[in-house]
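Participant: First the structure, then my questions, so here it is.
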Amino acid sequence: KVSFDRRLSVLSSVTHAALNYMFSMLIFAVFSLYYGNIPDLVHVGLYFYFLVLLILLILGISLILSILVISFRDLSSIWEVLISVLFYLSPIFYPMQIVPQKWLAIYLLNPLTVIITNMRYVIVNKDLSNLIPSWPLLIEVIVVLGFGTVYFNHHAKRVVEKI
């Protein structure tokens, strides 16, 4: 009957994933420095800005899903399929330029598209002229994180009853 903040369980999971990502990026940084691709402070700062947005977006989604998965057990299987679809809808292994112009507005609604593309422009290409405006992304992150926090705080007290 130890009392602890329930959000810590979700936060620890997101923090673990973020640290794992940072160690992976450390390896990337070593190879990048070895090959002479040295970004300046502006590029590194923008990279960390998009990284923080990514972490906050994941935290908001995790807060929502941590409650929903307890109520709807099959949601974890459905979420795995949705993650696979989202992986292919995000420009991870392909550039965003191959998306047809007529679908581009819808494609940019995916927050991961904006984050991944801007991170690529900032760190790999070192091109700030092609950055996708991030204010819609910032609004999406604030809405998802805010809704996730409110939803989690409202339903977390009754989670024990459903387990």
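Participant: Condition first: surrounded by 11 or more Cβ atoms within 10 Å (Cβ to Cβ), over 19 Å from the mean Cα position of the chain (by Cα) and not in a helix (DSSP H, G or I). Can you find one or more residues in the range 39-61 that meet it?
Facilitator: For the range 39-61, residues surrounded by 11 or more Cβ atoms within 10 Å (Cβ to Cβ), over 19 Å from the mean Cα position of the chain (by Cα) and not in a helix (DSSP H, G or I): present.
Participant: List pairs: first residue in the range 48-60 and more than 12 Å from I142 (Cα to Cα), second residue open to solvent by 10 Å² or more (accessible area, probe 1.4 Å) and not in a helix (DSSP H, G or I) anywhere in the structure, Cβ distance under 8 angstrom, at least six positions apart or on different chains.
Facilitator: Listed by first residue and then by second, the contacts come to Y49/S134; F50/S134.
Participant: Next question, about the same structure. Report yes if Y94 is open to solvent by 40 Å² or more (accessible area, probe 1.4 Å) and assigned to a helix (DSSP H, G or I), otherwise no.
Facilitator: For Y94, the condition - open to solvent by 40 Å² or more (accessible area, probe 1.4 Å) and assigned to a helix (DSSP H, G or I) - is not met.
Participant: Just give me the residues in the range 119-139 being under 16 Å from Y94 (Cβ atoms) and part of a helix (DSSP H, G or I), in sequence order.
Facilitator: Of everything in the range 119-139, those that are under 16 Å from Y94 (Cβ atoms) and part of a helix (DSSP H, G or I) turn out to be M119, R120, Y121, V124.
Participant: May I ask you to list the residues in the range 122-153 that are aromatic (F, W, Y) and surrounded by 13 or more Cβ atoms within 10 Å (Cβ to Cβ)?
Facilitator: Once the filter is applied, which keeps residues that are aromatic (F, W, Y) and surrounded by 13 or more Cβ atoms within 10 Å (Cβ to Cβ), the range 122-153 yields F147, Y151, F152.
Participant: If you go through the range 62-91 one residue at a time, how many are of a type in the set (D, E, K, R) and part of a helix (DSSP H, G or I)?
Facilitator: 1
The values are calculated or read from the model by the stated rules, or taken from the named source; none is laboratory data. Since this is a predicted model, take the numbers as computed values, not measurements. Heads up, the Cβs are rebuilt from the backbone with ideal geometry, glycines too, and the neighbour counts pull from every protein chain shown. Please note that ligands, DNA and RNA were not included when accessible areas were found on the heavy atoms of the full protein model with its side chains. Shrake-Rupley method; radii C 1.70, N 1.55, O 1.52, S 1.80 Å.
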